[in-house]
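Below: one structure, written as structure tokens.
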Amino acid sequence: MTVVTAERITTAAQALAIATELAEEFRQGAAERDHARRLPHQELDRLSASGLLAITVPAAFGGAELAPSVVAEVVRILAAADPNIAQIPHSHFVYLNLLRLAGSPALRHEIFTRVLAGARIANAQSERGGATVAEIGTVLRPVEGRFVVDGTKFYCTGSLFADLLAVLTRLDDPQGVSGLAPGEYVAFVAAAQPGVRIVDDWDALGQRTTGSGTVAFESVGVDPAFLVARAAAVAVPTGYGAFAQLLHAAIDTGIARGALDAAAEFVRTQARPWFEAEVTRAVDDPLVVQRFGELGVAVAAAEATLTVAGAAVDEAVRVEAAVGQASIAVATAKVLADRAANEVSAAVFEVGGTRSAAATHRLDHFWRNARTHTLHDPVRWKYQHIGRAVLHDRPPPLHGVI
């Protein structure tokens with residue numbers, strides 16, 4: 001259980017200033033935390049106490065209700081310093097958005113109040129057993145006036161730090177005794193509730209401290225008031241998927257900027273020039289300068305496209321007709337962010353030379369984090385949706401992942 005006293009953020013300028021301050025703090029030791037897999041419990045408490053995790057709470061419930069573009073910029077700033085910490089609250093913001101779109105007034109009041117006080121939400125969504133990631137085996141069954149959840153989830157980012165878990169389930173009620181419509185439901189469950197088992201088994205090559213391991217549910221009781229029908233957010237044009245994907249693009253864009261800054265610092269302070277350049281400093285090698293120009297363009301393009309996508313999602317929140325264009329704008333940003341994060345994080349060694357590969361410098365964490373996070377959903381399908389929009393004026397699908 002998070003035990004903090006959270007500040008109240010009221011403006012975008014305040015949010016960005018606090019994010020910048022925390023990023024400077026989190027940057028210290030980020031590479032070592034990632035290398036040693038030292039979980040950032042204290043850093044997450046600082047994040048909760050700062051009030052940043054409550055910036056999307058609607059004004060009607062006492063929050064700042066800041067725009068998606070502001071949230072994306074906060075995430076980008078944090079990701080440039082420590083992409084592990086930046087990814088942990090991704091699901092927190094996504095499921096607060098689900099509540100905004102589809103939660104009952106009573107549930108919104110309950111959870112928004114907790115979040116304003118510093119509570120954290122993590123996802124329990126993905127599974128490994130189905131033919132595709134879209135298949136849900138975790139079931140929600142009615143039992144004597146309430147419900148129970150049974151199943152096992154993987155890639156549960158932030159679960160080790162969470163107060164509440166947002167559990168994606170499939171209603172198993174063939175007799176219709178619950179009175180609920182068939183389909184998928186998100187159950188909000190206390191992380192410390194009996195029957196919940198959170199396993200610290202995340203062993204990916206990157207994003208090593210995100211707490212993205214396994215969560216198992218065995219006959220976990222759920223009050224009907226803590227259920228949200230997912231269809232209300234994803235089966236109609238709400239911008240739910242565009243918002244979620246915007247934050248993923250922000251993480252990758254932040255990684256690209258962090259890698260570029262680290263590469264420049266290394267070349268300025270550690271690298272030696274190639275002898276054929278006939279210069280005394282690596283920063284004066286014309287081919288190194290050229291390469292940094294190319295990398296700088298890649299990062300700037302990702303950042304600019306993220307800004308455009310953020311503005312598009314802001315508009316989609318206000319105007320339903322803008323949702324399709326927002327998803328395409330975010331898909332474009334995701335493609336460029338993916339490209340920049342992977343290219344720049346690999347080029348750190350190209351421009352730094354042999355000594356940059358020494359383990360003591362910990363420069364590998366940029367590439368490992370970029371390569372791991374960009375696997376989240378394939379950009380090859382982003383190109384498909386962009387191409388169909390350009391050629392056929394076809395809107396993107398409503399499945400919550402674009």
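Throughout, read-outs are computed from the coordinates displayed, never taken from laboratory work. Quick caveat, the model's predicted, so the values are computed rather than measured. Cβ sites come from the backbone with ideal geometry, for glycine too, and all protein chains shown count toward neighbours.
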Worksheet item: Hey, what number do you get for the chain at 222 nm if only DSSP H runs of n ≥ 4 count, each worth -39500 (n - 2.57), divided across all residues, to the nearest 500?
Response: -16000 deg cm²/dmol
Worksheet, complete the sentence: Rg/Rh over Cα atoms for segment 139-229, Kirkwood Rh, comes to 1.02
Practice prompt. Might you report the magnitude of the Cβ-based charge dipole of segment 12-119 about its Cα centre, with Lys and Arg at +1 and Asp and Glu at -1, to the nearest 20 debye?
Written response: 280
Worksheet, complete the sentence: Debye calc, one equal point scatterer per Cα of segment 12-119, no solvent, log10 I(q)/I(0) at q = 0.16, 0.17 1/Å comes to -0.69, -0.77
Practice prompt. Sort GLU276, GLU73 so that the residue with the fewest other Cβ atoms within 10 Å of its own Cβ comes first and the one with the most comes last.
Written response: GLU276, GLU73
Item to complete: Among THR307, VAL330, VAL236, flag the residue with its Cα farthest along the positive direction of the charge dipole of the chain, charges on Cβ as +1 for Lys/Arg and -1 for Asp/Glu.
Response: VAL236
Discussion item. At 7 Å along Cα-to-Cβ for each site, give me the label-to-label distance between VAL297 and ASP284 in nm.
Written reply: 2.6
Item to complete: Obtain the nm distance between the two label points defined at GLU7 and GLN175 by a simple spin-label model: each point lies 7 Å from its Cα along the Cα-to-C-beta direction.
Response: 5.5
Worksheet entry | Peptides 227-235, 123-131 ordered by average Cβ neighbours within 10 Å, highest first | 227-235, 123-131
Worksheet item: Tell me, what does the Kirkwood hydrodynamic radius of the chain come to in angstroms if you use every pair of distinct C-alpha atoms?
Response: 21.8
Worksheet item: Around LYS382, with a cut-off of 15 angstrom between Cβ atoms, what is the net charge of the other residues, counting Lys and Arg +1 and Asp and Glu -1?
Response: +2
Item to complete: Note down the nm distance, to one decimal, between modelled labels 7 Å out along Cα→Cβ at VAL236 and at LEU391.
Response: 3.3
Item to complete: Mind checking the full-extension length gain between ALA131 and HIS41? Use 0.36 nm per residue of separation minus the Cα-Cα distance, one decimal, nm.
Response: 28.9 nm
Fill in: Charged-residue dipole, Cβ positions (Lys, Arg, Asp, Glu), the chain about Cα centre, Debye nearest 20
240
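Test of understanding: ordering TYR383, TYR155, TYR185 by Cβ neighbours within 10 Å, fewest first, what list do you get?
Working: TYR383 13, TYR155 20, TYR185 24.
Least to most surrounded, the residues fall as TYR383, TYR155, TYR185.
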Worksheet item: Where does each of GLU278, GLU7, GLU144 land when they are ranked from fewest to most other beta-carbon atoms within 10 angstrom?
Response: GLU144, GLU278, GLU7
Response to the item:
One finds, for GLU218 and ARG380 with R0 = 45 angstrom and r their Cβ-Cβ distance, a FRET efficiency to the nearest 0.05 of 0.75
Response to the item:
segment 4-40 scanned against label point 7 Å out from ARG362 along Cα→C-beta; backbone N under 18 Å for 22-40
Discussion item. What's the whole-number percent of alpha carbon pairs in segment 264-402 lying beyond 25 angstrom?
Written reply: 42
Worksheet item: What whole number of Å gives the distance from the Cα centroid of segment 262-295 to the Cα centroid of segment 104-134?
Response: 47
Discussion item. Which order do the peptides 314-321, 80-87 come out in when sorted by mean C-beta neighbours inside 10 angstrom, highest first?
Written reply: 80-87, 314-321
Worksheet item: Rounded, prolate or oblate: which fits segment 93-178 when a ≥ b ≥ c are the square roots of the eigenvalues of the alpha-carbon gyration tensor, with rounded for a/c under 1.5 and prolate only if a/b beats b/c?
Response: oblate
